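**Q** Have a look at this one before I ask anything.
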Amino acid sequence: MHPYFIQDKSTIKDALVALNNIAHDTLSLLVVDADNQMVGSLTDGDIRRGLISGSQLTDEVNTIMHRDFKFIKQSEFDVAYLKDLREQRILFIPILDDNRHIIDVVNLRKYKTHLPIDAVLMAGGKGERLLPLTEKTPKPLLPVGDKCIIDYNIDRLIFYGVENVNVTVNYLGEQIEEHSAEPRNGVQVRTYREPKFLGTIGSIKFVENIYNDTVLVMNSDLFTNIDYEDFFLHFKLHDAEMSVAAIPYNVNIEFGILDLDGCNIKGLIEKPKYNYYANAGIYLIKKRALAEIPEDTFFHSTYLVEKLIAQGKKVIRYPLNGTWIDIGTPQEYAKVKELAKHI
């Protein structure tokens, strides 16, 4: 982050050199004083306007810096506000503590947003419906185009600013552990072994550290372009304990069906249409709700849904209207490989 900083007593020429060094990344600098408190921002445009107005290369940057800069307070981090800044084309936003020290920087030239969530990807299944492909390779590592299935999901999470990414493994888990050994796009993916098959969510109890109040749990072998920012904002808007991403299904029956009361016909329904939502295997869950998952016990995500509802907690569905494929059959795998050619 330090290449983005410049002291307020530095010269305009110093700023030009600093901007040239980070030109591949951004054209903005964050100006700090002797106490490392942020006092301004500076762009190549600010320098250009200053020079046109008569400033000299030897002048201090505090004479031309932008003092009314946008920032986010660490204690009041707001994804909706960050989205609003992005829509205003403000793409380089510092996160400050209460003393105006820079804690982090959100670079929306590289990432869509900065979601304050932990992600846990479940990668322990055997992928039996894809045999013999999964006989020696775990399904998340099957190739799709120039990378494997799980990497599409991890890269998308990183693009949405998720910094804490965890993967739970079991079947052929050593391959996924080896695959995750090196950081990916600057993020170290942490892997955890479940000692036995624990269902679709039971292995989350082996994740050692959950840092944020919201946790995203998903199957690692999905192929989707879900908008994680919209998913998160929808979850926050409804103040739910858990949100289930769901795929809409429309069932049209092309002939009339009987409306029955026992064996008595009450009427005829002509060409009815039914709308359903199917579980997409992607969830947002409040951290505290994870306490409802028992230790070392086979436990499905649907069990958690039922348990929270029984307690009177709010569980909602999020309509996933984009691409979503559960790679469970050779046909679905072939379809995903074809789609990847156009990404």
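**Q** It is to be established whether one or more residues within the stretch 22-36 are touching a residue at least 24 places away in the same chain (Cβ under 8 Å), surrounded by fewer than 17 Cβ atoms within 10 Å (Cβ to Cβ) and not in a loop (DSSP other than H, G, I, E, B).
**A** Within the stretch 22-36, none of the residues are touching a residue at least 24 places away in the same chain (Cβ under 8 Å), surrounded by fewer than 17 Cβ atoms within 10 Å (Cβ to Cβ) and not in a loop (DSSP other than H, G, I, E, B).
**Q** Just give me the residues in the stretch 48-75 being closer than 19 Å to residue 94 by Cβ and of a type in the set (A, V, I, L, M, F, W, C), in sequence order.
**A** Once the filter is applied, which keeps residues that are closer than 19 Å to residue 94 by Cβ and of a type in the set (A, V, I, L, M, F, W, C), the stretch 48-75 yields 61, 64, 65, 69, 71, 72.
**Q** Residue 174 is checked against (1) over 18 Å from residue 220 (Cα atoms); (2) surrounded by fewer than 20 Cβ atoms within 10 Å (Cβ to Cβ); (3) over 22 Å from the mean Cα position of the chain (by Cα) and fails just one. What number does that condition carry?
**A** Among (1) over 18 Å from residue 220 (Cα atoms); (2) surrounded by fewer than 20 Cβ atoms within 10 Å (Cβ to Cβ); (3) over 22 Å from the mean Cα position of the chain (by Cα), the lone unmet condition for residue 174 is (1).
**Q** Among the residues of the stretch 96-109, which ones are over 19 Å from the mean Cα position of the chain (by Cα), among the hydrophobic types (A, V, I, L, M, F, W, C) and buried (at least 16 other Cβ atoms within 10 Å of the Cβ)?
**A** The answer is 96, 102.
**Q** How many residues, within the stretch 315-332, are touching a strand residue (DSSP E or B) at 6+ places or on another chain (Cβ under 8 Å) and farther than 13 Å from residue 281 by Cα?
**A** 6
**Q** Restricting attention to the stretch 154-198, and to residues there that are assigned to a loop (DSSP other than H, G, I, E, B) and hydroxyl-bearing (Ser, Thr, Tyr), which single residue is modelled with the highest pLDDT?
**A** Only one residue tops the list, namely 160.
**Q** Is it true that some residue in the stretch 282-292 is touching a Phe, Trp or Tyr at 6+ places or on another chain (Cβ under 7 Å), part of a strand (DSSP E or B), under 26 Å from residue 231 (Cα atoms) and among the basic types (Lys, Arg)?
**A** The answer is no, given that none of the residues of the stretch 282-292 is touching a Phe, Trp or Tyr at 6+ places or on another chain (Cβ under 7 Å), part of a strand (DSSP E or B), under 26 Å from residue 231 (Cα atoms) and among the basic types (Lys, Arg).
**Q** To continue, here is another question. Name the residue that is farthest from residue 144 (Cα to Cα), counting only residues in the stretch 319-328 that are open to solvent by less than 60 Å² (accessible area, probe 1.4 Å) and either touching a helix residue (DSSP H, G or I) at 6+ places or on another chain (Cβ under 6 Å) or not β-branched (Val, Ile, Thr) (or both).
**A** 319
**Q** For residue 27, all conditions in the list (1) under 28 Å from residue 238 (Cα atoms); (2) in contact with a Ser or Thr (Cβ under 7 Å, 6 or more places away or on another chain) hold save one; what is the number of the exception?
**A** Failed condition: (1).
**Q** What are the residue pairs meeting all of these: first residue in the stretch 300-318, first residue open to solvent by 90 Å² or more (accessible area, probe 1.4 Å), second residue of a type in the set (A, V, I, L, M), Cβ atoms under 7 Å, and 6 or more apart or on different chains?
**A** Cβ pairs passing all conditions: 309/315; 314/240; 317/244; 317/246.
**Q** Within the stretch 109-153, which residues are among the hydrophobic types (A, V, I, L, M, F, W, C), at pLDDT 90 or above and part of a helix (DSSP H, G or I)?
**A** Listed by number, the residues that qualify are 141, 149, 150.
**Q** Can you find a residue that is over 27 Å from residue 153 (Cβ atoms), open to solvent by 20 Å² or more (accessible area, probe 1.4 Å) and not hydroxyl-bearing (Ser, Thr, Tyr) anywhere in the stretch 240-252?
**A** Yes - at least one qualifying residue is present in the stretch 240-252.
**Q** If we keep just the residues of the stretch 263-287 that are more than 23 Å from residue 244 (Cα to Cα) and among the β-branched types (Val, Ile, Thr), which is surrounded by the fewest Cβ atoms within 10 Å (Cβ to Cβ)?
**A** Among those that are more than 23 Å from residue 244 (Cα to Cα) and among the β-branched types (Val, Ile, Thr), it is 265.
**Q** For residues that are part of a strand (DSSP E or B) and farther than 17 Å from residue 119 by Cα, scanning just the stretch 220-249, find the one that is modelled with the lowest pLDDT.
**A** 249
The values are calculated or read from the model by the stated rules, or taken from the named source; none is laboratory data. Everything quoted here is computed from the prediction, not taken from an experiment. Using ideal geometry, Cβ is built from the backbone for each residue, glycine included, and neighbour counts are taken over all protein chains shown. The protein model used for the area step is the full one, side chains on, heavy atoms only, and it has no ligands, DNA or RNA in it. Shrake-Rupley method; radii C 1.70, N 1.55, O 1.52, S 1.80 Å.
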